Amino acid sequence: MTGHVSAEQSANSLPHSWQRLLALSGVAFAVLFLVGWFASGGDAPDYGASDQDWTSWASDNQWKSRIGAFAMLLAGFVFLHFAATIRTALGDAEARAGGSVQLARVAFAGAITGIAGMVMAIVIISSATTEGADANPVVTRAIASSSAGPFLLSAMGFAALLLTAGLLTLRSGVFARWTGVVALIGAVGFLVAFAAVLSGLGEDSLFGFGFFPGVLALVVWSIATSVARYRALGAPPS
């Protein structure tokens, strides 16, 4: 409890304008994340595709993937600040509800794990396309395929974040109840993505059916909670 109070006091010691700016970091993250996601050449050919398909993919996505990786790195940087802001909000709510702040800690750990995995995956994809048309298709295929691990790591982290945030929201009302529902839907989506390990990570695997709804829920939840936190801080005291 003492650690929680100290953290809250440290957060409150920041200038009010800084607190409000950090609250909006979730919106900035969502924008940068979407740029990184759509710019990245994530729609790679199936593992069994021809060498020509892999070479063409590397050529078509050489610069887009670089831009995507850069944007995702920025998104990750901003998300670290957003994760700390959410940790404070959830911790305050859990403490008021008589909890031990354990769920808030899990949410923070999940956020860090999730964004680390996502950034790693997008940067790996960028590495796979970095040589463009001159890329060795065998090497490109191997590097691109290795992004599956970080993607699943991100699913694990974001599932923990959204599940705990959703439960705390429904329990304490720290954010609007609909954001708690969105968070739980996203958590289920990311958990479904785990099944891809059993069914195979090839084309049309369960990964996409779970991961992409999870990503959509994460983006919507980040924007909604960020704006809510910004409004909750209100105008600076006179």
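Out of curiosity, is A228 more than 19 Å from the chain's Cα centre (by Cα), surrounded by fewer than 20 Cβ atoms within 10 Å (Cβ to Cβ) and hydrophobic (A, V, I, L, M, F, W, C)?
Working: more than 19 Å from the chain's Cα centre (by Cα): no; surrounded by fewer than 20 Cβ atoms within 10 Å (Cβ to Cβ): yes; hydrophobic (A, V, I, L, M, F, W, C): yes.
For A228, the condition - more than 19 Å from the chain's Cα centre (by Cα), surrounded by fewer than 20 Cβ atoms within 10 Å (Cβ to Cβ) and hydrophobic (A, V, I, L, M, F, W, C) - is not met.
Any residue at all in segment 70-93 that's among the aromatic types (F, W, Y), under 30 Å from R177 (Cα atoms) and without any contact (Cβ under 8 Å) to a residue 40 or more places away in the chain? Steps first, answer last, please.
Taking segment 70-93 and keeping what is among the aromatic types (F, W, Y), we get 70, 77, 79, 82.
Checking the rest, the ones that are also under 30 Å from R177 (Cα atoms) come to 77, 79, 82.
Going one step further and asking which of them are without any contact (Cβ under 8 Å) to a residue 40 or more places away in the chain, we end up with 77.
Yes, segment 70-93 contains a residue that is among the aromatic types (F, W, Y), under 30 Å from R177 (Cα atoms) and without any contact (Cβ under 8 Å) to a residue 40 or more places away in the chain.
Does F151 satisfy the condition of being over 15 Å from V106 (Cβ atoms), part of a loop (DSSP other than H, G, I, E, B) and not hydroxyl-bearing (S, T, Y)? Before you say what the answer is, go through the steps one by one.
Working: over 15 Å from V106 (Cβ atoms): yes; part of a loop (DSSP other than H, G, I, E, B): no; not hydroxyl-bearing (S, T, Y): yes.
So F151 does not fit the description; no.
Scan segment 38-54 residue by residue and report those that are surrounded by fewer than 20 Cβ atoms within 10 Å (Cβ to Cβ) and assigned to a helix (DSSP H, G or I).
Result: F38, D51, Q52, D53.
Can you pull out every residue in segment 85-104 that is buried (at least 17 other Cβ atoms within 10 Å of the Cβ) and either of a type outside the set (D, E) or closer than 28 Å to L34 by Cβ (or both)? Steps first, please.
Here is the first cut: in segment 85-104, the residues buried (at least 17 other Cβ atoms within 10 Å of the Cβ) are 85-95, 101, 103-104.
Hits for segment 85-104 are T85, I86, R87, T88, A89, L90, G91, A93, A95, V101, L103, A104.
Kindly check whether there is at least one residue in segment 222-234 that is touching a Pro at 6+ places or on another chain (Cβ under 6 Å) and either over 30 Å from D46 (Cα atoms) or modelled with pLDDT of 95 or more (or both). Steps first, please.
Pass one, segment 222-234, residues touching a Pro at 6+ places or on another chain (Cβ under 6 Å): none.
Checking segment 222-234: not a single residue is touching a Pro at 6+ places or on another chain (Cβ under 6 Å) and either over 30 Å from D46 (Cα atoms) or modelled with pLDDT of 95 or more (or both).
Please give the number of the condition S146 fails out of (1) free of Cβ contacts under 8 Å to residues at least 24 places away in the same chain; (2) farther than 18 Å from F207 by Cα.
It fails just one condition, (2).
Considering only residues that are surrounded by fewer than 17 Cβ atoms within 10 Å (Cβ to Cβ) and in a helix (DSSP H, G or I), which ones fall in segment 106-147?
A109, G132, A133, D134, V138, V139, A142, S145
Could you tell me which residue of segment 55-68 is farthest from I223 (Cα to Cα), considering only residues that are surrounded by fewer than 22 Cβ atoms within 10 Å (Cβ to Cβ) and among the small types (G, A, S)?
Pass one, segment 55-68, residues surrounded by fewer than 22 Cβ atoms within 10 Å (Cβ to Cβ): 55-56, 59-60, 62-64, 66-67.
Still in the running and among the small types (G, A, S): 56, 59.
Values: S56: 36, S59: 34 Å.
Filtering first and then ranking leaves S56.
The values are calculated or read from the model by the stated rules, or taken from the named source; none is laboratory data. Nothing here was measured: the structure is a model prediction, and the numbers come from that model. Virtual Cβ from ideal backbone geometry, glycine too; neighbours counted across all protein chains shown.
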